[in-house]
Amino acid sequence: MLMKLFQRPNCLLNRRNRYQLLTTLLINVISISHGIGIGWLSPTLRKLQSDSPLDFEITSEFEISWVGSTLGIGSVTGNILIGSLIGRFGSKRCLLFIAIPHTCLWILVYLAQSVEYLYVGRLLGGICGGGMYIVHPIFLSEIADANIRGTFSAMVMLSVNVGVLVGYVMGTHMSYYTIPWIVLMFPAIYLVTVLLFIKESPMHLIRMGKYSAAERSFRYYKNIKDTDNINDQTQAMEEFDHMKIAMTKGDQLKDAVTLKDFCTKPALKAYGPALVLLIANQFSGLFTMVNYMSDIFAKSGSTMDPNTCTIIIGAVQIFGTYLTTLLCDIWGRKLLLLVSTAGVAVSLTAFGLFTQYAQSHDVSEYSWVPLLLMSMDICLGNIGLVGCFFVSLVEMFPVKIRAKAASMAIVVCSMFVFVMLNIFPICMKQWGISATMWSCAGITAFSFVYFAYFLKETKGKSMLED
């Protein structure tokens, strides 16, 4: 029974998939570490506003918003930098590079003498995250089989969310100066494992004309040994030859990408869904709220400890993304995105109504309601809008412009990250928490209607087809 389960093509422990799974787990060490940097800020920011462990305090809305939003500026920088380097230098070198700014982040956190140290540190953390969100989805899409690609892509955000929870816990219960020393172990382990166990993707090597190295890489990721059954080896090599021919035939794929390639019918059809996906992903507030979660609970009318609520939300977030890894390649991307957008819109609307009611009534008996509603929001948001984001975005675009279009889309997403991280605390102060939540709910509701009518399912789509 167990052996039959392992032999299923979509089983991650299937013999063919094992090195793909190992690679996914290893490269996501940096995703966990990046998530720690995101989650750590929420409880730490509250500490820095009063009884600061440092020689300075962060008191103004301006400083709070910029400590949060410099991550977005760094993310744009990382997107552009890695997006321009990945075609020339390949995924492996880019994977190694993103560990450098992340390491510098924690050094600056430890040495911080003023708020400017945190600005620069968050900027560098953003460069790591922005580069990671480019190289991870592209690299995984190039090494993973189509029937498990969605699961592996969802593991990126699952790993980030694991890190966010760890960051919440560490920021709440550990000394400010102890945390950097612990977290610095993650990029060190990551660098060693990438150097030793990660090979360049076969698709990149084919583009570079390194066909022998591409074949070795293909055999490695598909776990094809010289001692295997001759029929299995022949079938695998036919698959490799098909990939090689598809990527080198005719002028269409040999020529450099031009502006005309971005104006083809398949490309134009992809822009609308991609833009709405980007807007829904960020202006739903899912990522922004993770950064300011403790402040949100402090202003929600609940009497529960904000940091405790934040830690619970971190666990719920992991559960939501884990569901994506189970369902993405079974139910498909579209259904999960519809469930996600509908759930977020309803949850945020209800959260806004509760906080509005709490301003004029005693709701101490119902302090659990904000936690419940925010848990629904984060869980359902992570099932689709977060968990399916990268795999859906990569699969939308035609093959010739896929890498460049996906990179540009993620640059736009990072710009939205900066905008939301910057304006969210200002909106909370100027509009109030209720109106801010209703605004996010309205945008998400529009996205639900758009996806219902215009989004096409891409489950099982080959990376060699438009």
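The values are calculated or read from the model by the stated rules, or taken from the named source; none is laboratory data. From a predicted model like this one, the values you see are computed outputs, not experimental measurements. All Cβ positions, even for glycine, are placed from backbone atoms using ideal geometry, and neighbour counts span all protein chains on display. When the accessible area is computed, the model is the full protein with side chains, heavy atoms only, and any ligands, DNA or RNA have been set aside. Shrake-Rupley method; radii C 1.70, N 1.55, O 1.52, S 1.80 Å.
So if each residue of separation counts as 0.36 nm, and I subtract the Cα-Cα distance between Leu22 and Met185, what length gain in nm does that give? Before the final figure, lay out the partial values.
Details: separation 163, 0.36 × 163 = 58.68 nm, distance 1.95 nm.
Going from the current span to full extension adds 56.7 nm.
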Subject >> Packing rank of 209-221, 34-46, 382-394, where each peptide gets the mean count of other beta carbons within 10 Å, highest leading >> reply: 382-394, 34-46, 209-221
Original post:
Do the sum for the chain: with -39,500 (n - 2.57) for every DSSP H run of n ≥ 4, divided by all residues, what is the mean residue ellipticity at 222 nm, to the nearest 500 deg cm²/dmol?
Top reply: -25000 deg cm²/dmol
**OP:** Heavy atoms only, probe 1.4 Å: what % of the accessible area of the chain goes to carbon and sulfur, would you let me know?
**Re:** 66
Original post:
What are the ³J(HN,Hα) values, in whole Hz, obtained from phi via the Karplus relation 6.51 cos²θ - 1.76 cosθ + 1.60 with θ = phi - 60°, for each residue of the range 144-157 in sequence order, with x given for Gly and Pro?
Top reply: 8, 5, 4, 6, 10, 4, x, 5, 5, 5, 5, 5, 4, 6
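For the chain, report the accessible area per residue in Å² (1.4 Å probe, heavy atoms, rounded to an integer).
Details: 19440 Å² over 466 residues.
That works out to 42 Å² per residue.
Could you order Tyr366, Tyr177 by accessible surface area, starting with the largest, using a probe radius of 1.4 Å? Intermediate results must be reported in sequence, preceding the final value.
Values: Tyr366 110, Tyr177 90 Å².
Ranked list, largest accessible area first: Tyr366, Tyr177.
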**OP:** Distance from a point 7 Å along Cα→Cβ of Ser364 to each backbone N in the range 290-326: keep the residues under 18 Å and list them by number.
**Re:** 298-306
Original post:
So what are the ³J(HN,Hα) numbers for the range 302-309, from phi and the Karplus equation (6.51, -1.76, 1.60; θ = phi - 60°), rounded to whole Hz, Gly and Pro as x?
Top reply: 7, 9, 6, 4, x, 5, 5, 4
**OP:** Take the Cα coordinates of the range 15-54, assign each an equal point scatterer, and use the Debye formula without solvent to give log10 I(q)/I(0) at q = 0.30, 0.34 Å⁻¹.
**Re:** -0.90, -0.99
**OP:** Provide the per-residue ³J(HN,Hα) series for the range 344-350, in order, calculated from phi with Karplus coefficients 6.51, -1.76, 1.60 and θ = phi - 60°, each as a whole number of Hz, with x at glycine and proline positions.
**Re:** 5, 4, 5, 5, 5, 4, 5
**OP:** List the equivalent ellipsoid semi-axes of the chain in whole Å, largest first, each obtained as the square root of 5λ for an eigenvalue λ of the Cα gyration tensor.
**Re:** 38, 24, 21
